[in-house]
Amino acid sequence: MLGGRRPAADGSADGKPPNKSDAKALRRPRKEGRPPLPEVTASPGATLEDVLALREAGRLDEARALLASLDKGRGLRAVLRAAAALEAGDDEELAQLLPALAQQEPSWQLTLQVAAAIDDLARRRSLAGEADRLGAPPWASAWLGALSKDHEEQRRGIVALLFEDAALARTVAARDLAVAGAIVDNDAIARYASFAHGRDLVRRFGAERVAQLLDRLREKPSRAAKPSGTT
Amino acid sequence: MSRSLLTLYRVDSPRLAELSAQLRETLIRDDRPALAQLLQLGAELALRVEHAPRAVDLFLVPEAEADVAPLWASLRRVAKRAALERVWTSDSPSLEGRLRAYDTLREEPEIAEAIDRLLDARFLPWFLRPVGSTGGWLKDAERSALANRMESLAPALPDEVNALVEALGGMDGDALVHDRL
């Protein structure tokens with residue numbers, strides 16, 4: 001249940017994600033000799049955009065520290081914080097974050113956003129199937145199809161979307177497909193913006209990393225997360 | 001700004017569903033000749049469809065655009081011919097306002113809900129929803145129940161509403177109300 005709390009599996013915490021003071025704790029030296037994250041004081045207006053800018057500049061530790069200070073334990077910030085910990089191999093922080101995150105994710109919304117952001121076609125289809133199993137409505141699955149780079153799949157998707165939600169189809173045609181003459185439909189723009197914003201943030205962060213986190217949340221090891229050299 | 005007149009149609013729901021399915025398949029296959037045939041397009045319009053990047057794109061641009069307006073008109077004409085039969089047209093521009101806001105109707109939740117459905121375009125197929133239009137759909141049983149409930153309030157209702165009640169009660173099958181078909 002969204003927003004609900006349950007004890008952590010190991011009984012060491014109440015399942016709550018680390019808050020800002022916990023984030024401070026992450027900057028202390030931790031076991032296994034892992035160096036602390038750099039001290040970052042988030043300005044009041046700091047956003048995920050700042051986090052992504054740091055990542056794009058290669059300042060991954062600072063990006064993680066900023067994510068920790070921004071994270072309120074819910075939504076995309078919490079997801080990306082855990083994905084960043086997974087990427088850094090920081091099992092200690094990941095273990096702290098996963099119990100609370102597992103109460104919210106994987107949701108069909110995030111799963112579809114990751115599917116829409118990922119390039120690998122097989123991975124994308126697998127995530128789309130997972131989103132369907134999680135209860136994605138027909139319009140959402142149709143939207144994903146409409147975003148495909150495969151022309152056949154894209155056409156099938158945009159036609160399905162037209163029949164499911166014509167206002168959204170027109171908006172996707174204008175924003176994502178650049179159909180000549182198509183314009184945004186005001187009845188659909190809020191829904192479009194909410195989904196597309198998340199998709200774009202996931203893409204900039206690294207969709208495969210977030211997909212690996214979804215794998216962890218489903219307790220299935222990711223193919224991409226296997227140590228190199230395995231077959 | 002002029003207020004519109006509502007028209008009541010009997011809907012052949014299976015036929016409308018069949019047309020919708022044919023249209024969908026044609027667009028998925030991007031079969032331009034089949035689309036031109038389905039919409040009974042003349043040679044000039046058929047050529048326009050043939051030259052579009054994809055057939056579906058023609059239905060993703062605003063229907064007021066000169067290039068696609070005749071296509072939409074053809075689609076609606078075909079849909080009307082295939083699945084809609086006009087039963088009655090109101091002569092009162094105030095009917096929609098009365099239905100949406102008349103206290104006697106609004107105070108009856110079941111009546112208000114059914115009226116809202118009859119005037120909610122989301123219940124219509126996408127190709128029967130011109131921008132800014134009013135329209136909606138009631139299944140046979142819902143139409144019949146609404147007519148009976150409204151009939152019991154007849155003495156307290158304005159003439160234009162009672163005329164609709166009489167038309168709703170006098171028809172059979174699913175009912176579709178629209179102001180722009």
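Among the residues of segment B:26-41, those that are assigned to a helix (DSSP H, G or I) and either within 11 Å of chain A (Cβ to nearest Cβ) or surrounded by 17 or more Cβ atoms within 10 Å (Cβ to Cβ) (or both) comprise B:26, B:27, B:28, B:29, B:32, B:35, B:36, B:38.
You will find that of A:123, A:133, the residue that is touching a residue at least 60 places away in the same chain (Cβ under 8 Å) and assigned by TED's automatic domain parsing to the domain that holds residue A:194 is A:123 and no other.
Just one of (1) closer than 15 Å to residue B:23 by Cβ; (2) free of Cβ contacts under 8 Å to residues at least 24 places away in the same chain; (3) open to solvent by 30 Å² or more (accessible area, probe 1.4 Å) fails for residue B:44. It is (1).
The set of residues from segment B:1-38 being touching a Ser or Thr at 6+ places or on another chain (Cβ under 8 Å) and polar (S, T, N, Q) comprises B:4, B:7.
Restricting attention to segment A:102-120, the residues that are assigned to a helix (DSSP H, G or I), touching a helix residue (DSSP H, G or I) at 6+ places or on another chain (Cβ under 6 Å) and touching a residue at least 40 places away in the same chain (Cβ under 8 Å) add up to 6.
Considering only segment B:42-62, state which residues are assigned to a helix (DSSP H, G or I), within 14 Å of chain A (Cβ to nearest Cβ) and under 25 Å from the mean Cα position of the chain (by Cα).
First pass over segment B:42-62, keeping only residues assigned to a helix (DSSP H, G or I): B:43-51, B:56-59.
Within this subset, residues satisfying the condition of being within 14 Å of chain A (Cβ to nearest Cβ) are B:48, B:51, B:56-59.
Within segment B:42-62, B:56, B:57, B:58, B:59 qualify.
Restricted to segment A:145-191, and to residues there that are in contact with a Gly (Cβ under 7 Å, 6 or more places away or on another chain), closer than 13 Å to residue B:27 by Cα and open to solvent by less than 30 Å² (accessible area, probe 1.4 Å), the residue that is nearest to the other protein chains (Cβ to nearest Cβ) is A:160.
Return yes when residue B:144 is modelled with pLDDT under 95, under 21 Å from residue B:16 (Cα atoms), surrounded by 14 or more Cβ atoms within 10 Å (Cβ to Cβ) and not basic (Lys, Arg) and no when it is not. Judged against the criteria, residue B:144 is not a match.
The rows are residues; the columns are (1) assigned to a helix (DSSP H, G or I); (2) within 14 Å of another protein chain (Cβ to nearest Cβ); (3) open to solvent by 40 Å² or more (accessible area, probe 1.4 Å).
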{"position": "B:91", "(1), (2), (3)": "no, no, yes"}
{"position": "B:111", "(1), (2), (3)": "yes, no, no"}
{"position": "B:117", "(1), (2), (3)": "yes, no, yes"}
{"position": "B:160", "(1), (2), (3)": "yes, no, no"}
{"position": "B:165", "(1), (2), (3)": "yes, no, no"}
{"position": "B:169", "(1), (2), (3)": "yes, no, yes"}
{"position": "B:176", "(1), (2), (3)": "no, no, no"}
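Being surrounded by 21 or more Cβ atoms within 10 Å (Cβ to Cβ) and either in a helix (DSSP H, G or I) or among the charged types (D, E, K, R) (or both) is the filter here; which residues of segment A:131-144 pass it? Listed by number, the residues that qualify are A:131, A:140, A:141, A:142, A:143, A:144.
The values are calculated or read from the model by the stated rules, or taken from the named source; none is laboratory data. Computed from a predicted model, the values in this text were never measured in an experiment. All Cβ positions, even for glycine, are placed from backbone atoms using ideal geometry, and neighbour counts span all protein chains on display. Remember, those area values only see protein heavy atoms, side chains included, never the ligands or the DNA or RNA. Shrake-Rupley method; radii C 1.70, N 1.55, O 1.52, S 1.80 Å.
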